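This report refers to the structure that appears directly beneath it.
The values are calculated or read from the model by the stated rules, or taken from the named source; none is laboratory data. If you're wondering where the values come from, they're calculated on a predicted model, not measured in any experiment. In this analysis, Cβ positions are derived from the backbone assuming ideal geometry, glycine residues included, and neighbour counts consider all displayed protein chains.
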Amino acid sequence: MKLLYLTITLTLLSTALLAAESPVELLSANTDIQDKASLRRGAYLFINQCTSCHSAKYMRYARLARDLEISEEEVVDNMLRFGATKISDTISSAMTPDAGEKAYGIAPPDLTLEAKYRGVDWVYSYLMGFYKDEKTTFGYNNRVMNNVAMPWILASSQESMSEEEFSRDMRDLTNFMDYMAEPIKPWRQNFGKYVIIFLLVLLIPVWLLKREYWRDIHGLRSPTSV
Amino acid sequence: MSLLTRKSTDLLHWIDYRLPIIQAFKTHMSEYYAPKNLNFWYFFGVLAMLAFANQLLSGIWLTMFYTPTIESAFASIEYIMRDVESGWIIRYMHEVGASFFFIAVYLHIYRGFLYGSYKKPRELVWLIGMFIYLLMMAEGFFGYVLPFGNMSFWGAKVIMNIIGVIPVIGEDLQIWVQGDFFISGATLSRFFAFHVALVPIILIAGIYLHVIALHQVGSNNPEGIDIKAHKDENGIPLDGIPFHPYYTVHDLIPVVLFILAFFVTIFYFPDGGGFFIEPPNYIPANNLSTPDHITPVWYFTPFYAMLRAVTITFLGMDAKFWGLIVITGAILVLFFLPWLDRSPVKSLRYKGRVSKAFLMIWTFCFIGLGVLGIKPADWAPEWVSPTFTIIYFAYFLLMPFYTRWETCKTVPERITANGQRSR
Ligand code: HEM
């Protein structure tokens, strides 16, 4: 029996180890979803730089204002873009998918769930991954997405900023995209520990109750004698 | 207070006169005698029931907000995750709950392997259980299609095409089930009906019959000792204890632990590391973009690996057809377990070396197939999955022989005083 349990454990362990490989080397994003300042910077970056092509059609401005503690006036005055008129609207893009497809050969995808679809490390590596490559038609490429169709819109900021500043920006942007993919995430990670503590505490009376009832079980001859 | 007690006793008897609730409570709880040595493997039946209740409750909530149309299914899930009050936790309870349900049931079935729970007189308990397992697989499949993400779509397509390879009737059957020539709105709305009404109703009936059948014959135990062989003058098994209160308070501990593990997952790993919700399901179904590799959710992967293990065309039939035969066989053979096991003893503790070694190898292969089913087809050398598949079958098909020929230890007459295993 012991040997059997050992086999099961070893099999499961080796499975867990095998699961941990990845095809492309990715940078680690190291984002902190609890960092509201970072999320706010990311939100501005996203809305200013990305919404000309990408939408985030499930993300409401009102939710963003509430969660990231940005005042509604500020959002209405400075963030609403491209067809969004009310704070209850979602983040739309300046470009219709058809226009996008015509311009780039492939429509810029909606990015609401991108961080869940590809993973934060991938998104970060993608944003950091543009480089000059004379072999391609447009003279640039991307480390994690070969022959990328997205224009290197970050080129000017990448040039004007220091390496550190740029990677901080991209980290903030990635962080925001992680939040956007699941707006409840920061909250649930915070709140989860109370649920866990409650259940751990509940375990004590439950365990004592069992012990109390089972105290007499060993000497038990027949249940009728209880 | 005493007035209240009297009133409630009156009410109880008023009801009992018309509906035998007191007798039912006695039969199934306070006078249901379970062996006193049940170990942790026996928690999983109750945990499966808990998980099932959770699926029903959270599922009803989801039904209020989900829209079963191709245009809005995906968006309605995001609506639940973002705009519906507490929608996110309801959805996670349902999604994580499905995997926890399968974890509980897999361990529950495995307990049967260990202690020979399927053997006489519990054959029907086992058969009903297998029937439940089939229904659960159908339920899991239909449910996974509903969000209509890209993996939902391609997964459904793969499974539906498997139906299509059945000779003669296959294509018509596939169209009949799909309700269309391809996976369409008609498919989605009928899968919704199956998932929320048809299958759950049969499941409820199945679980009810499962427990009734078990209580008719009583629980087995890790020793495989028949506790009904030694009864006192009142006909009560000497090694039995009333389910209530002993096992009810006992089961509360694993229940709390299970809920704990459940909420740790919900709050910190709701995607189950990509195993509960696969990443491609975060983009909407797209007929033109196939996911890099199509894999089912983890609880189907051993069978998926067997399907892919078959690569030969034989007797003019496509490899897919033989794959279908293999997975059908892999599930069907489980139904026959009570009659394949010819051992004079029930529990592995008293079986011979061959049974022990074979189960160990089988376990390795089954989990191994699960891993292979998750990975791309070219991940392991070609011979691995066919070999594991063959061993999977050999374990069952050779069982009538090795269980009869091996030497077993003698099973004690009684469960020892402290309820622990005797050596
Ligand atoms: C919805 C799923 C299921 C539920 C809610 C359920 C529930 C239960 C419960 C409450 C028990 C008694 C407690 C225990 O022994 O753990 C039990 C016993 C049993 N179940 Fe299940 N079960 C389910 C699925 C299955 C499946 C899929 C099988 C296998 C084919 C199975 C086979 C058995 C057997 C053989 C026993 C008797 C165990 C013994 O006495 O040693 N059950 N089930």
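One table, with the values for the structure above:
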{"quantity": "Residue among B:199, B:217, B:211 that alone is under 25 Å from residue B:140 (Cβ atoms), surrounded by fewer than 16 Cβ atoms within 10 Å (Cβ to Cβ) and in contact (Cβ under 8 Å) with a residue 40 or more places away in the chain", "calculated": "B:211"}
{"quantity": "Selection count, the stretch B:327-339, where residues are over 29 Å from residue B:96 (Cα atoms) and buried (at least 19 other Cβ atoms within 10 Å of the Cβ)", "calculated": "2"}
{"quantity": "Residue match in the stretch B:129-138 (condition: outside any helix (DSSP H, G or I) and either within 14 Å of chain A (Cβ to nearest Cβ) or more than 10 Å from the ligand (Cβ to nearest atom) (or both))", "calculated": "no"}
{"quantity": "Options B:347, B:385; residue that is surrounded by 13 or more Cβ atoms within 10 Å (Cβ to Cβ), within 11 Å of chain A (Cβ to nearest Cβ), polar (S, T, N, Q) and touching a helix residue (DSSP H, G or I) at 6+ places or on another chain (Cβ under 6 Å)", "calculated": "B:347"}
{"quantity": "Test for residue B:31: is it within 12 Å of chain A (Cβ to nearest Cβ), away from the ligand (no atom under 12 Å from the Cβ) and in contact (Cβ under 8 Å) with a residue 40 or more places away in the chain", "calculated": "yes"}
{"quantity": "From the options B:115, B:110, B:79, residue that is assigned by TED's automatic domain parsing to the domain that holds residue B:228 and closer than 30 Å to residue A:59 by Cβ", "calculated": "B:79"}
{"quantity": "Residue in the stretch B:105-127 that is farthest from the other protein chains (Cβ to nearest Cβ), counting only those that are within 8 Å of the ligand (Cβ to nearest atom), within 27 Å of residue B:262 (Cα to Cα) and aliphatic (A, V, I, L, M)", "calculated": "B:105"}
{"quantity": "Qualifying residue in the stretch B:15-24 (condition: in contact with a helix residue (DSSP H, G or I) (Cβ under 6 Å, 6 or more places away or on another chain) and assigned to a loop (DSSP other than H, G, I, E, B))", "calculated": "no"}
{"quantity": "Spans of helices (runs of 4 or more DSSP H) in the stretch B:166-227 with at least 3 residues within 16 Å of the ligand (Cβ to nearest atom)", "calculated": "B:199-217"}
{"quantity": "Some residue of the stretch A:64-83 being under 24 Å from the mean Cα position of the chain (by Cα), more than 22 Å from residue A:35 (Cβ to Cβ), more than 14 Å from chain B (Cβ to nearest Cβ) and modelled with pLDDT under 90", "calculated": "yes"}
{"quantity": "All positions within the stretch B:228-244 that are in contact (Cβ under 8 Å) with a residue 24 or more places away in the chain, surrounded by fewer than 18 Cβ atoms within 10 Å (Cβ to Cβ) and in a helix (DSSP H, G or I)", "calculated": "B:229, B:244"}
{"quantity": "Residue B:270 being touching a Gly at 6+ places or on another chain (Cβ under 6 Å), in a loop (DSSP other than H, G, I, E, B) and either surrounded by 17 or more Cβ atoms within 10 Å (Cβ to Cβ) or not assigned by TED's automatic domain parsing to the domain that holds residue B:97 (or both)", "calculated": "no"}
{"quantity": "The lone exception for residue B:304 - which of (1) in a helix (DSSP H, G or I); (2) crowded, with 20+ Cβ neighbours inside 10 Å; (3) in contact with a Phe, Trp or Tyr (Cβ under 9 Å, 6 or more places away or on another chain) it fails", "calculated": "(3)"}
{"quantity": "Subset of the stretch B:307-359 [aromatic (Phe, Trp, Tyr) and at pLDDT 90 or above]", "calculated": "B:322, B:335, B:336, B:339, B:350, B:358"}
{"quantity": "Residue, surrounded by the fewest Cβ atoms within 10 Å (Cβ to Cβ), within the stretch B:352-382, restricted to residues that are over 14 Å from residue B:309 (Cβ atoms) and of a type in the set (D, E, K, R)", "calculated": "B:353"}
{"quantity": "Residues of the stretch B:55-90 satisfying the condition of being surrounded by 20 or more Cβ atoms within 10 Å (Cβ to Cβ) and within 16 Å of the ligand (Cβ to nearest atom)", "calculated": "B:55, B:58, B:59"}
{"quantity": "Whichever residue in the stretch A:166-195 is polar (S, T, N, Q) and farther than 18 Å from residue A:116 by Cβ and, among such residues, is farthest from the other protein chains (Cβ to nearest Cβ)", "calculated": "A:167"}
{"quantity": "Filter result (free of Cβ contacts under 8 Å to residues at least 40 places away in the same chain and either more than 21 Å from residue A:29 (Cβ to Cβ) or among the basic types (Lys, Arg) (or both)) within the stretch A:156-191", "calculated": "A:156, A:159, A:160, A:168, A:188, A:191"}
{"quantity": "Among (1) basic (Lys, Arg); (2) modelled with pLDDT of 95 or more; (3) buried (at least 17 other Cβ atoms within 10 Å of the Cβ); (4) over 15 Å from the mean Cα position of the chain (by Cα), the one test that residue B:111 misses", "calculated": "(4)"}
{"quantity": "The lone exception for residue B:294 - which of (1) within 14 Å of chain A (Cβ to nearest Cβ); (2) more than 15 Å from the ligand (Cβ to nearest atom); (3) of a type outside the set (Ser, Thr, Tyr); (4) out of contact with any Pro (no Cβ under 6 Å at 6 or more places or on another chain) it fails", "calculated": "(1)"}
{"quantity": "Residue in the stretch A:115-131 that is loosely packed, with under 15 Cβ neighbours inside 10 Å and either in contact (Cβ under 8 Å) with a residue 60 or more places away in the chain or assigned by TED's automatic domain parsing to the domain that holds residue A:100 (or both) present", "calculated": "yes"}
{"quantity": "Entirely in the stretch A:58-167, the helices (runs of 4 or more DSSP H) that have 3 or more residues that are out of contact with any Lys or Arg (no Cβ under 6 Å at 6 or more places or on another chain) and of a type in the set (Phe, Trp, Tyr)", "calculated": "A:120-128"}
{"quantity": "Filter result (facing another protein chain (nearest Cβ under 9 Å) and without any contact (Cβ under 8 Å) to a residue 12 or more places away in the chain) within the stretch B:260-278", "calculated": "B:260, B:263, B:264, B:267, B:268, B:271, B:273, B:274"}
